[in-house]
Amino acid sequence: MNVSEKRKILLFDDNAICREALKLLLKEAADFDVLTEISSDIELKALKGLSAFDLIFLSCELPSEMIKTVTKFLKENYPGIPIILFNTTQADHNVLQYLMNGVKGIVWKTDSIEQLIFVCNKVLNGEQYLGNIEVELKLQESRVSQPLTLVDELSERELTVLKLFAKGYSYKKMGEELHISPRTVESHKNNILAKLGIATLNELIAFAVKNNLE
């Protein structure tokens with residue numbers, strides 16, 4: 001594979017030794033090339049051509065407030081560039097916040113280089129990979145626990161659809177009840193998920209039941 005075909009990596013870490021070590025590890029994988037290294041949010045915001053990168057590696061050993069600032073900035077301005085958080089530990093209680101800010105992959109401190117490459121490929125294929133079921137369950141719980149005030153963003157029809165899902169209606173039965181097609185029901189469901197920041201139908205039903213929207 002030519003250098004021009006390699007996945008372009010931006011490495012964000014304030015520890016020069018860690019940056020060099022990760023560069024060497026990624027160099028062993030022919031598909032990746034670390035083109036730029038930065039160590040602060042100021043450098044990131046001043047960087048030209050940021051949209052050209054395929055992947056951003058962000059160290060979890062950076063100050064938590066900086067990570068929150070960086071992930072929020074990237075989510076708002078470059079949502080198409082996936083972020084992988086590395087050197088993550090179970091002791092970091094901010095991981096959920098980072099995930100809500102758009103982090104797509106997590107490489108834990110105990111993971112091998114093979115696992116790191118595996119996570120890279122997963123994320124580059126558009127998937128989210130956490131590598132830890134406990135964190136995944138907590139993320140689901142946080143989505144189900146979205147504030148009830150978000151329901152105010154729903155239209156009257158969307159709220160009706162949400163309540164019928166909570167009652168266990170199928171797409172077909174709901175379509176018959178509301179005199180719309182199952183495809184229209186699905187369209188309403190997708191709009192509701194987006195407005196509430198919820199990922200799946202099961203989480204949506206759990207949200208409705210938890211908030212007595214049956």
Subject >> Estimated inter-spin distance, Cys18 and Arg157, nm [label 7 Å along Cα→Cβ] >> reply: 5.0 nm
**OP:** For every helix of n ≥ 4 consecutive DSSP H residues, a contribution of -39,500 (n - 2.57) applies; sum these over the chain, divide by its total residues, and give [θ] at 222 nm rounded to the nearest 500 deg cm²/dmol.
**Re:** -15000 deg cm²/dmol
Original post:
How do 102-109, 51-58, 176-183 rank on mean C-beta neighbours within 10 Å, highest first?
Top reply: 102-109, 51-58, 176-183
Subject >> Rel. contact order, % - alpha carbon contacts under 8 angstrom, at least six apart, the chain >> reply: 14 percent
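For Thr200 and Asn125, what does the FRET efficiency come to when R0 = 22 Å and r is the distance between their Cβ atoms, rounded to the nearest 0.05?
Between Thr200 and Asn125 the formula returns 0.70.
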Original post:
For the chain, list the DSSP H helices whose alpha carbon atoms reach 15 Å or more along the long axis and whose average Kyte-Doolittle value is 0.0 or above?
Top reply: 16-27, 113-124, 156-166
**OP:** Can you bin the range 3-142 into rounded, prolate or oblate? Criterion: square roots of the alpha carbon gyration tensor eigenvalues sorted a ≥ b ≥ c, rounded for a/c under 1.5, prolate for a/b above b/c, oblate for the rest.
**Re:** rounded
Subject >> Cα gyration tensor category, rounded, prolate or oblate, for the range 1-75 with a/c compared to 1.5 >> reply: oblate
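Since every read-out is calculated from the coordinates, none of them should be taken as a lab result. Quick caveat, the model's predicted, so the values are computed rather than measured. Don't worry about glycine lacking a Cβ; one is built from the backbone with ideal geometry, like all the others, and counts go over all protein chains shown.
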